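Read-outs throughout are calculated quantities, based only on the coordinates presented, and are distinct from any laboratory measurement. Here the structure is a predicted model, which is why all the values come from computation and not from measurement. Please note: Cβ atoms are built from the backbone with ideal geometry, for glycine as well, and neighbour counts cover all protein chains shown.
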Amino acid sequence: MTAPLRVAITGAAGQIGYSLLFRVASGEMLGPDQPVILQLLELPVALDALKGVAMEVTDCGFPLVRDIICTDDQATAFKDADIVLCVGSKPRGPGQLRSDLIKANGPIFTGQGQAIDANASADCKVLVVGNPCNTNCLIAMSQAKRIPKENWHAMTRLDQNRAVGQLSNAAGVSAGDVKNVFVWGNHSPTMVPDITHGTIGGEAIADVVDGGWLADSFDQTVRTRGKAIIAARGKSSAASAANAAIDHVHDWFLGTGHNDYVSMAVCSDGSYGVPEGLIFSFPCKITGRGTYEIVQGIEVSGEVRERMQKTIDELVSEREAVADLL
Ligand code: NAX
């Protein structure tokens with residue numbers, strides 16, 4: 001019998017949590033044979049709501065769920081965790097600048113980084129979803145001396161999936177026909193979706209999709225999709241964000257399926273001129289269960305290179321803004 005994996009989820013009673021938990025519990029993230037123990041962290045004020053969500057998970061009768069722990073104590077939530085999904089953080093308030101959000105959420109990730117380092121399994125894999133996710137991940141990673149840097153990721157898979165959705169709509173094909181589209185950089189409007197090496201039904205994307213739409217609309221739509229969802233729904237993306245977290249961890253453990261590589265914001269080793277140590281979205285390929293490599297040798301066009309510099313500059317300035325937390 002396969003031993004259960006302990007999956008800790010922070011902010012588990014929030015919007016994303018409400019979509020995420022059930023899919024982790026059903027086996028969509030780690031496969032149909034992998035039992036899980038859910039270790040759910042919330043603020044004290046949301047503990048009752050969390051218990052209600054846990055009751056619903058119980059009521060689904062998922063065979064893979066071995067236990068559900070609901071707590072407001074970080075040490076309990078992260079105890080022996082194999083995977084941590086850091087979703088909980090303060091949402092951006094009306095008119096709040098990105099730089100203010102970074103300062104407001106930074107301390108959450110200092111504390112959680114330390115608590116993960118002190119309590120989780122030595123090879124724990126961490127995915128940071130809470131925004132600004134790249135820099136929050138950097139803060140948490142900086143607090144953890146025991147857990148390898150390769151184990152700290154931030155989520156840009158939603159941005160990749162949004163790009164794939166747009167391209168499949170434009171080409172009138174299934175999303176499954178779109179391959180090897182990825183995103184460079186920060187999970188912010190400076191991100192750089194890169195379709196240069198992507199294909200649709202085996203053909204280069206530029207040969208299949210209207211060039212005018214690609215130039216005028218595609219990139220802008222992907223980069224500003226989060227805002228458009230809020231405008232339409234009155235709330236930020238939740239189910240699609242949960243889906244992207246499932247995709248990210250699924251691929252990290254079980255492989256990238258029909259894609260040769262996928263977008264993961266990981267600790268830069270200097271590849272492609274990205275300063276070492278930044279949490280930066282690269283095309284990554286999976287080399288084993290829970291291990292990855294940044295894909296090397298991808299040709300970067302002049303235009304993409306220029307835009308990459310903007311997203312690098314933004315991440316460097318975010319790092320400077322939280323220098324006291326690193
Ligand atoms: P919600 O406000 O619905 O839920 C967040 C939950 O986190 C709340 O229940 C809150 O009580 C809890 N929380 C806050 N601080 C906590 C702490 N210190 N410890 C434990 N729990 C804590 O937000 P939701 O819509 O679920 O979004 C969560 C985060 O994901 C936000 O930061 C959001 O900006 C970010 N997103 C990231 C995306 C990405 O692609 N990386 C896309 C979707 C989303 O915008």
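Quick check on packing: order 172-185, 66-79 by the mean number of other C-beta atoms within 10 Å, highest mean leading.
In decreasing order of mean packing, 172-185, 66-79 become 172-185, 66-79.
Which value in deg cm²/dmol, rounded to the nearest 500, describes the helix-derived mean residue ellipticity at 222 nm for the chain, given -39,500 (n - 2.57) per DSSP H run of n ≥ 4 and division by the residue count?
That calculation yields -12500 deg cm²/dmol at 222 nm.
Under 16 Å Cα to Cα from Lys51, which aspartates and glutamates show up? Leave out anything in the same chain fewer than 8 places away.
Excluding near neighbours in sequence, the set is Glu42, Asp59, Asp67, Asp72, Asp73.
Just check region 1-51 against the gyration tensor rule for me: Cα atoms, a ≥ b ≥ c as the square roots of the eigenvalues, rounded for a/c under 1.5, and otherwise prolate or oblate depending on whether a/b exceeds b/c.
Prolate.
Based on alpha-carbon centroids, what's the gap between region 272-326 and region 179-214 in Å, whole number please?
17
Calculate, for Phe22 and Leu254, the FRET efficiency according to 1/(1 + (r/R0)^6) with r their C-beta to C-beta distance and R0 25 Å; round to the nearest 0.05.
With a Förster radius of 25 Å, E is 0.85.
For the chain, what does the alpha-carbon gyration tensor say about shape, rounded, prolate or oblate, given a ≥ b ≥ c as the root eigenvalues, a/c under 1.5 as rounded, and a/b over b/c as prolate?
Judged from the Cα gyration tensor, the chain comes out prolate (a/c at least 1.5, a/b above b/c).
What's the exposure ranking of Phe253, Phe280, going from fewest to most Cβ atoms within 10 Å?
Phe253, Phe280
How long are the semi-axes of the ellipsoid equivalent to region 157-321, from square roots of 5 times the Cα gyration tensor eigenvalues, in whole Å, largest first?
22, 19, 18
Mind checking which aspartates and glutamates have their C-alpha under 14 Å from Lys145, skipping anything on the same chain fewer than 8 residues away?
Asp117, Asp123
To the nearest 20 debye, what is the magnitude of the charge dipole of the chain about its Cα centre, counting +1 on the Cβ of each Lys and Arg and -1 on the Cβ of each Asp and Glu?
Result for the chain is approximately 620 debye, rounded to the nearest 20.
Ranked by Cβ crowding within 10 angstrom, fewest neighbours first, how are Glu293, Glu299 ordered?
The fewest-first ordering by Cβ neighbours comes to Glu299, Glu293.
Using a ≥ b ≥ c from the Cα gyration tensor of region 169-267 (square roots of the eigenvalues), is it rounded, prolate or oblate, where a/c under 1.5 gives rounded and otherwise the larger of a/b and b/c decides, a/b for prolate?
Because a/c hits 1.5 or more and a/b fails to exceed b/c, region 169-267 counts as oblate.
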